[in-house]
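Quick note: the coordinates plus some simple rules give every number you see, no bench work behind them. The structure displayed is predicted, hence computed values, not measured ones. Here the Cβ positions follow ideal geometry from the backbone for every residue, glycine too, while neighbour counts run over all protein chains shown.
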Amino acid sequence: MSAVHDARRIRRTVLDASYRAHVGHIGSCLSVSEILATLYRDVLQGAAPDDPSRDRFVMSKGHAALALYAALRLRGWLADGEIETFCGPRGGLGVHPEPGTAGVDFGTGSLGQGLSYATGAALAARLQGSARRAFVLASDAECNEGALWEAVMFAAHHRLSALVAIVDVNGQQALGYTKDVLDLEPLGPRFTAFGWDVVEVDGHDTVALKEALSRPASPGGAPRVVLARTIFGKGVSFMERRVAWHYLPMTAEQYAAAVAEVGGEEPSP
Amino acid sequence: MRASFVKALVDLAERDERVLLLTGDLGFMAFEPFVERFPGRFFNAGVAEQNMVGMATGLAEAGFVPFVYSIVPFAALRPLEFLRNGPVLHRLPVRLVGMGAGFDYGHNGYTHFGIDDVAAVRSLPGLLVLSPAEARQVPSVLSTSASWPGPVYYRLGKDDRAEVPGLDGRLDPGGVDVVREGSGILLLATGSVAAEAALAGERLAAEGSSPTVAVVTRLAPTPVDALEELLSRHAFVVTVEAHFLAGGLGSLVAEVLAERGLPCRLVRRGVDEIPASAGMPHLLARFGLDRESLAATCRALRGAP
């Protein structure tokens with residue numbers, strides 16, 4: 001078993017559950033599959049979702065929560081039956097993660113807030129003398145939000161080296177490509193200029209992700225941002241780099257084709 | 001209430017090591033007692049109120065009780081969605097402190113007025129909203145809310161010296177305190193403008209027709225029973241608030257009157273248009289909130305000249 005294998009299982013769960021619920025955000029879930037697989041297999045420390053000394057994780061791009069649920073299931077923190085409640089008529093797991101779900105440290109859904117939660121979590125760890133870290137996964141378009149840069153400044157000023165932000169740089173947002181909507185590049189130099197330690201990786205390379213996310217704190221104490229260059233819709237050829245798959249649900253034919261590409265050996269609920 | 005707040009916060013922080021203080025770069029000549037006593041528990045978040053409330057959420061999740069300070073609109077309105085999605089949704093003990101309720105920053109103008117915060121935050125479930133009327137109430141306001149499990153919003157006035165005659169720093173657990181017993185008319189006020197209501201009561205008493213005057217410190221959750229007890233024994237209620245009419249104390253009282261079916265006529269005194277900057281006495285008079293105007297309102301209700 002490996003993070004590569006986990007990523008495949010996450011993709012399969014994303015396809016199955018979103019097809020069953022007839023909802024979208026599939027492309028966003030597919031771009032973060034390796035990131036979440038690596039985090040939950042190889043990076044995040046903590047014996048249980050309520051372990052006070054666990055690393056904190058904020059799924060700031062809350063619209064890809066289905067991929068998080070799949071990762072939490074692989075970690076053993078969510079049961080198969082809970083995945084089945086995704087977007088169910090009587091409630092259960094929602095499109096965005098809500099507090100109260102095992103493994104969800106912070107509910108999200110409104111973009112640009114998660115980095116502030118994680119910054120507070122990293123500051124709390126320092127004040128409590130804990131070695132735990134705070135991780136946050138943000139989308140690239142989320143960097144449109146000004147409040148995110150407030151947290152960027154605070155974390156750098158206070159040298160919160162326990163803070164690790166991952167940006168899913170898939171180059172797309174709801175209505176277009178980020179370069180056409182609000183160009184974020186050069187994103188790395190922007191974070192560097194704000195005092196962060198910047199690591200750029202292929203966001204589908206689990207070995208590179210593990211190395212980047214497990215690195216010791218930077219000597220100067222700078223918070224770290226891992227710019228994970230990803231492909232929106234990764235793994236399903238007809239979704240890759242297509243803006244429409246931000247929102248579209250799948251037809252039966254599309255679901256069958258997607259499953260054939262991702263792999264069918266791993267039935268999931 | 002700035003100095004009173006900081007003194008009470010230092011006392012609280014002595015007893016509760018979870019207490020932290022974050023400010024959005026405000027509090028000049030105010031926080032020194034806290035900073036000197038607890039330098040490691042004070043953070044200037046910079047002029048960045050949204051991140052400040054978001055960080056407070058992360059700190060509170062880990063077990064801290066962060067107090068987050070700014071001027072009312074920058075404390076309650078600028079980061080409102082962070083408050084909603086953070087401490088409120090997660091039911092965490094973040095303490096939001098808004099300084100300058102009403103027209104305390106009169107010459108600074110509308111951007112600095114605290115006249116719409118109650119309307120903005122009163123709908124948030126589980127948020128305790130406390131609006132003391134005088135500095136003497138502040139220690140009780142802080143100590144009685146210390147164990148509130150969810151978030152709290154403190155709506156404070158600047159003045160540390162002004163007093164509400166008859167209040168003597170009391171704070172009923174129900175959130176409503178009577179400062180003058182009278183009959184027929186109930187003057188119901190919140191915040192430091194309550195002093196004007198109490199002084200109007202003194203004036204009317206001297207004329208032989210004393211109204212009841214009460215201070216509403218808890219604005220959310222609504223102190224329904226305490227209000228019903230008072231409203232049910234008066235023919236008129238005049239609400240007095242340095243706040244827009246929509247969504248504040250007057251609205252809250254209207255809800256109680258309607259839902260409890262009480263035969264008490266409501267007259268609301270508050271702000272009904274965007275005020276230009278001016279001195280506080282002028283602004284209070286402009287909206288009928290000064291003691292003279294309030295006394296005149298009561299005389300008119302009694303059918304007197």
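Rank these for me by crowding, B:Phe38, A:Phe57, going from fewest to most other beta carbons within 10 Å. Walk me through the intermediate numbers first.
On the way: B:Phe38 17, A:Phe57 29.
Sorted ascending by nearby Cβ count, the order is B:Phe38, A:Phe57.
From other protein chains only, count the Cβ atoms within 10 Å of every residue's Cβ in B:75-88, then give the mean. Before the final figure, lay out each step's value.
Details: counts 0, 0, 0, 1, 3, 0, 4, 6, 0, 1, 9, 7, 0, 0.
That average works out to 2.
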Quiz item: Taking amide H positions as placed 1.01 Å from N in the peptide plane, with prolines and chain starts having none, which residues 5 or more places from A:Phe232, or on another chain, fall under 5 Å of its amide H?
Solution: A:Arg241
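Go through the range B:17-46 and name the chymotrypsin sites (Phe, Trp or Tyr not before Pro) that are in a DSSP coil and have 15 or fewer other Cβ atoms within 10 Å of their Cβ.
Values: sites: B:Phe28, B:Phe31, B:Phe34, B:Phe42, B:Phe43; in loops: B:Phe28, B:Phe31.
Sparse-neighbourhood loop chymotrypsin sites (Phe, Trp or Tyr not before Pro): B:Phe28.
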Exercise. With everything on Cα atoms, drop me the angle between helix A:3-21 and the longest principal axis of chain A, reported from 0 to 90° to the nearest 10.
Key: 60
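Ordered by packing density, taken as the mean number of other Cβ atoms within 10 Å over each peptide's residues, highest first, how do B:281-289, A:37-45 rank?
The most tightly packed comes first, giving A:37-45, B:281-289.
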Quiz prompt | Sum of -39500 (n - 2.57) over DSSP H runs of 4+, divided by residues of chain B (222 nm, nearest 500) | solution = -9500 deg cm²/dmol
Quiz item: Per residue of B:39-46, how many C-beta atoms from partner chains lie within 10 Å of its own C-beta, taken as a mean?
Solution: 3
Quiz item: Considering every residue in A:98-109, what mean count of other chain Cβ atoms within 10 Å of its Cβ is obtained?
Solution: 3
Exercise. Give me A:Met153, B:Met280 ranked fewest to most by other Cβ atoms within 10 Å of their Cβ, as a rough exposure proxy.
Key: A:Met153, B:Met280
Practice problem: Return the calculated 222 nm mean residue ellipticity for chain A, to the nearest 500 deg cm²/dmol, obtained by summing -39500 (n - 2.57) across DSSP H runs with n ≥ 4 and dividing by the residue count. | Solution: -11000 deg cm²/dmol
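Assign unit charges at the C-beta atoms only (+1 for Lys and Arg, -1 for Asp and Glu), then state the dipole size of the protein assembly as shown relative to its Cα centre in Debye, rounded to the nearest 20. Mind showing how you got there, number by number?
Values: 53 positive and 64 negative charges, 56 e Å.
Computed about the Cα centre, the dipole is about 260 debye.
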Quiz item: Among A:Lys179, A:Lys234, what is the fewest-to-most ranking by other Cβ atoms within 10 Å?
Solution: A:Lys179, A:Lys234
Quiz item: To the nearest 10 degrees, how steep is helix B:194-206 against the longest Cα principal axis of chain B, on a 0 to 90 scale?
Solution: 20
Exercise. State, to one decimal in nm, how far the label point of B:Glu181 lies from the label point of A:Ser237, with both points 7 Å from Cα in the Cβ direction.
Key: 8.7
Quiz prompt | Spatially proximal lysines relative to A:Lys210 (Cα-Cα < 30 Å; intrachain offsets below 8 disregarded) | solution = A:Lys61, A:Lys179, A:Lys234
Quiz item: Against the longest principal axis of chain A, how steep is helix A:146-157, in degrees 0 to 90 to the nearest 10, with axes from Cα atoms?
Solution: 40
Exercise. Kindly provide the Kirkwood hydrodynamic radius of chain B in Å, to one decimal, from all pairs of distinct alpha carbon atoms.
Key: 19.3
Quiz prompt | lysines whose Cα lies under 24 Å from that of B:Lys7, excluding same-chain neighbours fewer than 8 positions away | solution = B:Lys158
